[in-house]
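The values are calculated or read from the model by the stated rules, or taken from the named source; none is laboratory data. Every value quoted in this text rests on a predicted model; they were computed, and no experiment measured them. Cβ placement follows ideal geometry from the backbone for every residue including glycine, while neighbour counts extend to all protein chains displayed. What goes into the accessible areas is simple: the full protein's heavy atoms, side chains included, and nothing from ligands, DNA or RNA. Shrake-Rupley method; radii C 1.70, N 1.55, O 1.52, S 1.80 Å.
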Amino acid sequence: MQAVTTADLERLLYDDVPYGDLTTEALGIGGLAGVMEFTARDPMVLALAEDAAALLRLSGCEVELIAASGDRLTAGAPILRAQDSASGLLRGWKVAQTLIEIWSGVATATREIVEAARAVSPGIAIACTRKNTPGTKRFAVAAVKAGGAVMHRLGLSETILVFAEHRAFLDEPLAATVARLRRAAPEKKLITEVSSIDAALAAAEAGFDVLQLEKFAPPDVAAFVPQLATTPHRPIIAAAGGVNAGNAAAYAQAGADVLVTSAPYMAKPRDVQVKIGRI
């Protein structure tokens with residue numbers, strides 16, 4: 001399934017080829033028939049393959065999609081095969097390749113965190129933040145899903161997450177804040193970020209549904225979780241800030257219910273090999 005609309009893909013093509021392909025036109029090769037094959041040069045979790053195929057079809061190519069987003073590929077595994085005139089193949093080539101390379105990097109890094117955490121706690125959720133490159137949210141969401149995670153927040157419009165920056169404007173007890181939020185948005189979960197065990201206990205007592213433990217080390221999470229045993233309302237514990245594949249298992253072992261991370265967005269792109277030939 002495509003992550004973005006046809007109009008989005010058309011804009012990507014127009015950005016790269018706004019007035020035609022000067023090199024192909026100057027060489028006079030545009031009408032020659034050819035074939036193009038994408039294969040994984042690196043091991044990867046594939047993402048945005050369907051969008052790359054759709055983009056190539058917009059360029060006029062006939063495309064056989066061999067692998068799907070979410071598939072784990074070994075080096076040399078085929079991804080897609082396209083056939084068209086040289087002008088169509090060369091028009092869509094780099095944009096389609098780059099889509100797969102960049103977002104497969106995100107999907108691969110996401111999967112690494114998911115697998116590390118679930119090796120310790122099979123039911124734990126991995127949630128990626130909205131701190132992706134502005135303008136790329138549709139692609140980022142698709143890559144995160146391909147990696148086996150969910151989105152923490154898609155934006156400010158659909159979730160309530162109270163930060164210290166919000167509390168700086170408030171002069172009321174936490175319980176009063178919770179009561180006011182429940183009246184304003186009764187169907188929403190209430191989340192708050194806390195930076196100390198004392199603050200987390202106070203937020204739990206006030207009635208927040210989710211406590212986002214900001215930059216707690218795994219031992220701090222492990223020390224905090226048992227203290228919730230006596231609270232009448234046990235909130236969900238989300239560990240956030242610095243979560244990555246190297247420490248995900250430790251956070252899962254410490255008792256976090258959710259791991260919140262931005263790390264996959266910084267992942268190195270995976271390498272896709274492209275071969276183009278005349279037929």
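Restricting attention to region 210-227 and to residues that are part of a loop (DSSP other than H, G, I, E, B) and touching a helix residue (DSSP H, G or I) at 6+ places or on another chain (Cβ under 9 Å), the residue that is surrounded by the fewest Cβ atoms within 10 Å (Cβ to Cβ) turns out to be Ala217.
What about Ala68, is it among the aliphatic types (A, V, I, L, M) and without any contact (Cβ under 8 Å) to a residue 60 or more places away in the chain? Spelling it out, Ala68 is indeed among the aliphatic types (A, V, I, L, M) and without any contact (Cβ under 8 Å) to a residue 60 or more places away in the chain.
The set of residues in region 228-251 that are β-branched (Val, Ile, Thr), surrounded by 22 or more Cβ atoms within 10 Å (Cβ to Cβ) and farther than 13 Å from Ala217 by Cβ contains only Ile237.
Report whether or not Leu73 is out of contact with any Cys (no Cβ under 6 Å at 6 or more places or on another chain) and crowded, with 18+ Cβ neighbours inside 10 Å. The answer is yes for Leu73.
Among the conditions (1) in a helix (DSSP H, G or I); (2) open to solvent by 10 Å² or more (accessible area, probe 1.4 Å); (3) under 29 Å from Gly148 (Cβ atoms); (4) not hydrophobic (A, V, I, L, M, F, W, C), the only one that Asp51 does not satisfy is (2). Looking across Gln227, Gln273, one residue alone is modelled with pLDDT under 95 and either more than 30 Å from Glu37 (Cβ to Cβ) or out of contact with any Gly (no Cβ under 8 Å at 6 or more places or on another chain) (or both). It is Gln227.
Hey, any hits in region 252-266 for a residue that's under 25 Å from the mean Cα position of the chain (by Cα), within 30 Å of Arg81 (Cα to Cα), surrounded by 19 or more Cβ atoms within 10 Å (Cβ to Cβ) and touching a residue at least 40 places away in the same chain (Cβ under 8 Å)? For region 252-266, residues under 25 Å from the mean Cα position of the chain (by Cα), within 30 Å of Arg81 (Cα to Cα), surrounded by 19 or more Cβ atoms within 10 Å (Cβ to Cβ) and touching a residue at least 40 places away in the same chain (Cβ under 8 Å): present. So which pairs qualify, if the first residue must be in region 28-52 and over 26 Å from Arg11 (Cβ atoms), the second must be of a type outside the set (Asp, Glu) and modelled with pLDDT under 95, the Cβ gap must be under 8 Å, and the two must be at least 6 apart or on different chains? As it stands, the answer is Ala33/Ile279; Val35/Ile279, since those pairs meet every condition given. Looking at this structure, is Val4 modelled with pLDDT under 95, under 24 Å from the mean Cα position of the chain (by Cα) and open to solvent by less than 20 Å² (accessible area, probe 1.4 Å)? Criteria met by Val4.
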